[in-house]
1. Right, T357: modelled with pLDDT under 95, in a loop (DSSP other than H, G, I, E, B) and farther than 27 Å from G126 by Cα or not?
2. Checking the structure you have, find out if any residue of the stretch 251-258 is surrounded by fewer than 24 Cβ atoms within 10 Å (Cβ to Cβ) and either at pLDDT below 95 or more than 24 Å from the chain's Cα centre (by Cα) (or both).
3. Among the residues of the stretch 361-378, count how many are without any contact (Cβ under 8 Å) to a residue 12 or more places away in the chain, open to solvent by 60 Å² or more (accessible area, probe 1.4 Å) and not in a helix (DSSP H, G or I).
4. Quick one: how many residues across the stretch 308-354 are over 24 Å from the mean Cα position of the chain (by Cα) and closer than 22 Å to C254 by Cβ?
5. I'm trying to understand the selection: among the residues of the stretch 1-52, which are of a type in the set (G, A, S), open to solvent by 70 Å² or more (accessible area, probe 1.4 Å) and over 29 Å from G69 (Cβ atoms)?
6. Go over the candidates N239, N218 one by one and state the one that is crowded, with 23+ Cβ neighbours inside 10 Å, within 14 Å of the chain's Cα centre (by Cα) and over 15 Å from C44 (Cα atoms).
7. Restricting attention to the stretch 307-350, and to residues there that are small (G, A, S) and either in contact with a helix residue (DSSP H, G or I) (Cβ under 6 Å, 6 or more places away or on another chain) or in contact (Cβ under 8 Å) with a residue 60 or more places away in the chain (or both), which single residue is least open to solvent (accessible area, probe 1.4 Å)?
8. Within the stretch 286-303, can one find any residue that is modelled with pLDDT under 95, hydroxyl-bearing (S, T, Y) and part of a loop (DSSP other than H, G, I, E, B)?
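The values are calculated or read from the model by the stated rules, or taken from the named source; none is laboratory data. Note that the structure is a prediction, hence the values are computed from the model and not measured. Here the Cβ positions follow ideal geometry from the backbone for every residue, glycine too, while neighbour counts run over all protein chains shown. Areas reflect the complete protein model, heavy atoms only, side chains present, ligands, DNA and RNA absent. Shrake-Rupley method; radii C 1.70, N 1.55, O 1.52, S 1.80 Å.
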Amino acid sequence: LIIAETQTIARQAAALVKVDYESLPHILTIEEAIAANSYIGDECKIEDGDVEDAMSKCDHVIEREARIGGQEHFYLETQTSLLVPGERGEMAVWSSTQNPTKTANFVAHVLGVHKNRVTCHMKRMGGGFGGKETRNVFISMALAVAAKKTNKPIRIALDRDQDMSITGQRHPFLCKYKVGFNKDGKILAVNAALFSNGGCSLDLSRPVLERALFHIENAYAIPNVRVTGRVCRTNLPSNTAFRGFGGPQGIMSCEMYMDDVARFLKMSANDVRELNLYKDRGSVTPYKQPLVDCHIRAMWAEIKATADYEARAAAVTAFNAANKWKKRGIQICPVKFGMSFTAKFMNQASALVHVYTDGTVLVSHGGTEMGQGLHTKMCQIAASELGISLDQVYVAET
């Protein structure tokens, strides 16, 4: 870490640093990690029903692989922090972070002070998408050491190339699956193994993987399911949270095997999907959660009707038949998404409301504003509950 009076001087100094690299054995891909038995943590597993017995009774069984690549968060504002030292070990942190608590805790740790000496402020950030859930923390920690050493305020804003190189992405996934189904398209059994590229450390890879397991059947009633998961350790920057938090990877794997079944049977993929949807009442997921108010079949039918899907799909087919180079597409896909985390400490929220003698209200809440309009929504809720006008409510920084 190079500290200078101006950003320009710091960049010039960094350009003068000469680094000697030694080429060492390395693991970069999921396939390389599997071959080297390079994993972080134990295998996780969900199993429901008798998969082997069901497979033996199916009309058809297919085995395939699905690969889902990583993705850069590309928030408009890169990782940014400002640290201001105070008296008696105090440190004030202003950080573009989705997790002010973790940021403050780790800054206190690296400084060797009690947590009550560090405050982290976050009014709003220029995008996050999960990329500022944990990966801002090590940047604030490094700045904390420099701020304490120099006893001066220090600010950093990573260049885009630096940010993309060191902060991690969405987890790439490999799914190896075996699917048993009947000639009418009804899926009776799924046996899947998920592998995620966690990078060099655990970070949030375990709960991301667990959520992917919970979505391996998406919105479909499959009576026999076995799904396992491993986090692969590779020599890449630690991958991290990304919007959907493992759910998209699990759903993508499911939709790929739904398409495989449709192609094998030469059926419409939407007919296969519709046939296998959860029932409106009485369905239970492979992880034993009853679906009390499940309206997926009614929603499917309503969306197809209100969107005039069949007519539009026929028009797309006709257009594609008449045009060699230009093509169009249309698709309908259900989604079931769980609204909680297996990392249970994340399933919480808090707010502090101050009512002042002039009738105004100050609200401080545990959420972080990154463009979703959270502060406005909290003001609206407070104003509605207290029966006052919206302009009387103000939201303080997190």
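1. So T357 does not fit the description; no.
2. Checked against the condition, which is being surrounded by fewer than 24 Cβ atoms within 10 Å (Cβ to Cβ) and either at pLDDT below 95 or more than 24 Å from the chain's Cα centre (by Cα) (or both), the stretch 251-258 yields no hits at all.
3. 1
4. 4
5. A15
6. Exactly one of N239, N218 is crowded, with 23+ Cβ neighbours inside 10 Å, within 14 Å of the chain's Cα centre (by Cα) and over 15 Å from C44 (Cα atoms), namely N239.
7. Only one residue tops the list, namely A343.
8. Looking through the stretch 286-303, none of the residues is modelled with pLDDT under 95, hydroxyl-bearing (S, T, Y) and part of a loop (DSSP other than H, G, I, E, B).
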